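Chemist: Mind looking over this structure? Questions follow.
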Amino acid sequence: MTIAEMMEKMIVLCDGSLHDINHMIGVWTYARTIGQLEKLDQETQYILEAAAITHDIACPFIRDEFGHTNHKRQETEGAVMVRDFLASLPEDQLERIAYLVGHHHTLNNIDGADYQILVEADLIMNACEKGWKLDRIFPILCTDAGKRIASAVLPAD
Ligand SMILES: [Fe+2]
């Protein structure tokens, strides 16, 4: 499945929720950009972009069931749902993407550049949406590209 095909499928799944669609596109754009600037290999870049597109796949479901977004449930339900959504991918890719979707709010034990960059891209978008200042997320950023982009996007004080 190409990234563009995945993107179209995810936009359709968002069912007209502009907030969800715009958040997803923003996280994907930052993840894709940081991944390329950090010179990820092609396979890791693909997994990162796939995880960025699908990272909040469980959000509408969790909102309907529980009336709010519960981070832990979002991770566990998302890891299950993404396997179905991307079922045509090879198992090794699916396993890593499901792991990333299942841990994208978990900040201890980040075990790879794909994981770190997904967290950074989601943090930058969340900070934009919630009006956070740079210093609130800066300590969590590890990549040079992520630090540069966050510094350019978010107010310092
Ligand atoms: Fe998100």
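Chemist: Mind pulling the per residue volume of the convex hull built on the Cα atoms of the chain? Å³ is fine.
Modeler: Dividing the Cα hull volume of the chain by its residues yields 107 Å³.
Chemist: FRET efficiency for V12 and E43, Cβ-Cβ distance as r, R0 = 30 Å, nearest 0.05?
Modeler: 0.70
Chemist: As an exercise, identify the trypsin sites (Lys or Arg not before Pro) in the range 76-157 lying in DSSP coil whose Cβ has no more than 14 other Cβ atoms within 10 Å. Can you show the working numbers first?
Modeler: Numbers: sites: R83, R96, K130, K133, R136, K147, R148; in loops: K133.
Within the range 76-157, the qualifying trypsin sites (Lys or Arg not before Pro) (loop, at most 14 other Cβ atoms within 10 Å) are K133.
Chemist: All other residues with a Cβ under 15 Å from the Cβ of L18 taken together, and with Lys, Arg as +1 and Asp, Glu as -1, what is their net charge?
Modeler: That works out to -3.
Chemist: Could I ask something else about it? Using Cα springs under 10 Å in a Gaussian network model of the chain, which residue among N22, N108, N126 shows the largest mean-square fluctuation?
Modeler: Taking springs between Cα atoms under 10 Å, the residue moving most is N108.
Chemist: Ok, one more. Could you work out the relative contact order of the chain, using alpha carbon pairs under 8 angstrom and six or more residues apart, expressed as a whole percent?
Modeler: Relative contact order, the chain: 23 percent.
Chemist: Still on this structure: Of the chymotrypsin sites (Phe, Trp or Tyr not before Pro) in the range 91-157, which ones lie in a loop per DSSP and count no more than 15 other C-beta atoms within 10 Å?
Modeler: W132
Chemist: Here's something else I'd like to know. Counting other beta carbons within 10 Å of each residue's own, what order do M24, M81, M10 fall into, fewest first?
Modeler: Taking fewest neighbouring Cβ atoms as first place, the list is M81, M10, M24.
Chemist: Short version: ³J(HN,Hα) in whole Hz for each residue of the range 148-154, in order, from phi by Karplus 6.51 cos²θ - 1.76 cosθ + 1.60 (θ = phi - 60°), x for Gly and Pro, what are they?
Modeler: Karplus values, whole Hz, x for Gly and Pro: 5, 5, 4, 5, 6, 8, 9.
FYI, it's all coordinate maths here, none of it is from the lab. These numbers were taken from a predicted model, which means no experiment stands behind them. All Cβ positions, even for glycine, are placed from backbone atoms using ideal geometry, and neighbour counts span all protein chains on display.
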